[in-house]
Amino acid sequence: MKLVCLALTTALLAIGCSNLAPALAPAPAAGTALHQPEGPSGVSTQPGWHGRRFAVATAHPLASEAGQQVLVAGGSAIDAAIAAQMVLTIVEPQSSGIGGGAFLLYHDGRETVAFDGRETAPAAAGETLLMRPDGKPMDFHDAVVGGRAVGVPGAVRMLEVAHARYGRLPWASLFEPAIRLADSGFPLGARLYALLESDPHLRKDPGAAAYFYDPDGRALATGTLLRNPALAAVLRLIAAEGSPALYQGEIAQAIVDKVAKHPYNPGTLSMADLTTYSPKERTPLCTRYASRTAEPARTYRICGFPPPSSGAVAIAQILGILNHTEAPFLPFEDPRWMHFYSEASRLAFADRAQYVADPDFVSAPAGDWLSLVRPDYLAARARLIGPMSMQVARPGLPSPERSSHAPMPEQAEYGTSHISIVDAYGNALAMTSTIEDAFGARQMVRGFLLNNELTDFSFTPTDASGAPVANRVQPGKRPRSSMSPTLVFDDDTGELVMSGGSPGGALIIHYTAKLLYATLNWGFAPQQAIDLPNFGSLNGPTLLEEKRFPPAFVEALRAAGHEVKEVGMTSGVQAIRKDHGSYVGGADPRREGRVMGE
């Protein structure tokens, strides 16, 4: 282990934890966040939650209530997730829905499986999809708004496959809460109002404008009852006919027409792309993690989603690298801990940019994604950390054969929603779903919004020398993601310890890593861990949540060579931990999430 000490004053070492958590600052002004999928809309204190039989944590109280109703009726975790996700399509339209995709980890008490419902690129999509005629990458929202970036939605078909294996209640019954809500309406909340009012693009779509805005183009007032009969009709069809109602017939044709006939930014999505879409079952990426300072010491098995998600690989790298430094012996309030974390993050994100993409198109280093998290490889990476920040890390060499791909340039990555559930039968899930940017492609079809998932591909397909980027656009390919649904188990007994995850674009990785580190190493309850200030690095500046860190803490990092940026970091972590036979839950005060159960 390489021990590194920063030159810190006695005053800095005396910074107390109370200076950093759990009090939350007022929401920063819109536009101050970096790489954030959704702007801030204020914070509210979350008390945490305790129960004994089951629990559901989602991004909105109405979605959690729907999941709870299903669990009370004897449903499984997958049943509850379907009900909750359909409600989220209505009440959190900016983040996820039936027009997008999802990654689902499911544990049935014996095994853990990974269902990939990620969107795919249409068959007619080419490598230069996101390039301008002059050969330069498009501006982000020039690519997003319209049909160009719409991928084949995968969430509904994936949930149907998972339900066929693990569902206990009839498929159609799981749509009833969402259908009732779409018919009767729900009061527009402060968060959705703030996002609607600040978005310059959504009101340009006639369907969205009629639903969300008044005739003058202003967002409808908070408390306005939003009824969505068009979406209720779609949900009734999916409930009665299954996923073919969305992927074939008149709804599918309406999606294709909306994409192809956009007046200035059409896309290539076809009926054949929809009818042939298939979710994939993948092997979860599970790694052992030893808590070095917790009492009593424990070893965990942390399972996350494999590529095309980069989340599990990056989180395992960050946690593993930290264990080869002095970090386990430092508290959160010590700037040295943040130095180690930021440096580990840079190393992980350098590898992410170099190697991770859809495994059906790109081979893992040495033929195995676990090569990136081997203990000897992580130990070697940790030895690159010195007393001064490296500022920008280079990718490592987990395989003797050098990659033929170019690193992907850093670019914006956007929105999601997370659900964690444990049921009364010993099943557990973690599911992160998305339509990518807030309000996706800003295209409404039959009451729901389409995704802009193709902008998760690299806008530039090659580097200056012509070497291809692994995560470039290719027909039928799934774009790289940072979604990090995570299940944690006791490595000795195999028993579930925790389910968790977060929205937040590329910062999902840091929000989820914070949850894991604080609960598994410092013994924090989920709510305490979630309430901690946010932080991270995308292999550039060290990012700290605005107004959450003392000036002396920030200056200590700058003295160690960090370029520090204090920004809004609007996480939305949901987590449920098993604790001595009962459950303890937490929801992020930065959004609207809620934990419910019995």
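The values are calculated or read from the model by the stated rules, or taken from the named source; none is laboratory data. What you see is a predicted model; the values in this text were computed from it and never measured. Every residue, glycine among them, receives a Cβ derived from its backbone with ideal geometry; neighbour counts consider all protein chains shown.
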Q: Name the single residue, out of those in segment 474-511 being of a type in the set (S, T, N, Q) and over 21 Å from the mean Cα position of the chain (by Cα), that is nearest to Leu269 (Cα to Cα).
A: Gln474
(Q) Return the residues of segment 573-586 that are modelled with pLDDT of 95 or more and of a type outside the set (Lys, Arg); say none if nothing qualifies. (A) Val573, Gln574, Ala575, Ile576, Tyr583, Val584, Gly585, Gly586
Q: Residues being of a type in the set (S, T, N, Q) and either over 27 Å from the mean Cα position of the chain (by Cα) or surrounded by 14 or more Cβ atoms within 10 Å (Cβ to Cβ) (or both): count how many of those fall in segment 255-298.
A: 6
(Q) Condition check: assigned to a helix (DSSP H, G or I), of a type outside the set (D, E, K, R), within 22 Å of the chain's Cα centre (by Cα) and at pLDDT 95 or above. Does Leu378 satisfy that? (A) no
Q: Considering only segment 354-388, state which residues are within 28 Å of Ala559 (Cα to Cα), out of contact with any helix residue (DSSP H, G or I) (no Cβ under 7 Å at 6 or more places or on another chain) and in contact (Cβ under 8 Å) with a residue 24 or more places away in the chain.
A: Ala379, Arg383, Gly386, Pro387, Met388
Q: Would you point out the residue of segment 230-254, among those that are in contact with a Gly (Cβ under 9 Å, 6 or more places away or on another chain) and surrounded by fewer than 17 Cβ atoms within 10 Å (Cβ to Cβ), that is farthest from Thr89 (Cα to Cα)?
A: Glu241
(Q) Suppose we filter Ala348, Ala353, Ala344, Ala357 for residues that are more than 21 Å from Arg288 (Cα to Cα), within 22 Å of the chain's Cα centre (by Cα), among the aliphatic types (A, V, I, L, M) and in a helix (DSSP H, G or I); which single one remains? (A) Ala353
Q. In segment 302-310, is there at least one residue being surrounded by 24 or more Cβ atoms within 10 Å (Cβ to Cβ), touching a residue at least 12 places away in the same chain (Cβ under 8 Å), more than 18 Å from the chain's Cα centre (by Cα) and over 20 Å from Met498 (Cα atoms)?
A. no
Q) Is there a residue being hydroxyl-bearing (Ser, Thr, Tyr) and not in a helix (DSSP H, G or I) anywhere in segment 517-529? A) no
**Q.** Filtered residue count, segment 138-164, keeping only those that are among the basic types (Lys, Arg) and out of contact with any strand residue (DSSP E or B) (no Cβ under 8 Å at 6 or more places or on another chain)
**A.** 1
**Q.** Residue in segment 384-429 that is nearest to Ser310 (Cα to Cα), counting only those that are assigned to a loop (DSSP other than H, G, I, E, B) and hydroxyl-bearing (Ser, Thr, Tyr)
**A.** Tyr414
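In segment 133-150, what residues are surrounded by fewer than 17 Cβ atoms within 10 Å (Cβ to Cβ) and at positive phi?
At the first step, the residues of segment 133-150 found to be surrounded by fewer than 17 Cβ atoms within 10 Å (Cβ to Cβ) are 133-136, 139, 141-142.
Gly135 - this is the single residue of segment 133-150 that is surrounded by fewer than 17 Cβ atoms within 10 Å (Cβ to Cβ) and at positive phi.
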Q) Restricting attention to segment 383-437, which residues are among the charged types (D, E, K, R) and in contact with a Gly (Cβ under 9 Å, 6 or more places away or on another chain)? A) Glu410, Glu413, Asp423, Glu436, Asp437
Q. Out of all the residues in segment 54-92, which are out of contact with any helix residue (DSSP H, G or I) (no Cβ under 6 Å at 6 or more places or on another chain), in a loop (DSSP other than H, G, I, E, B), over 15 Å from Pro170 (Cα atoms) and hydrophobic (A, V, I, L, M, F, W, C)?
A. Ala59
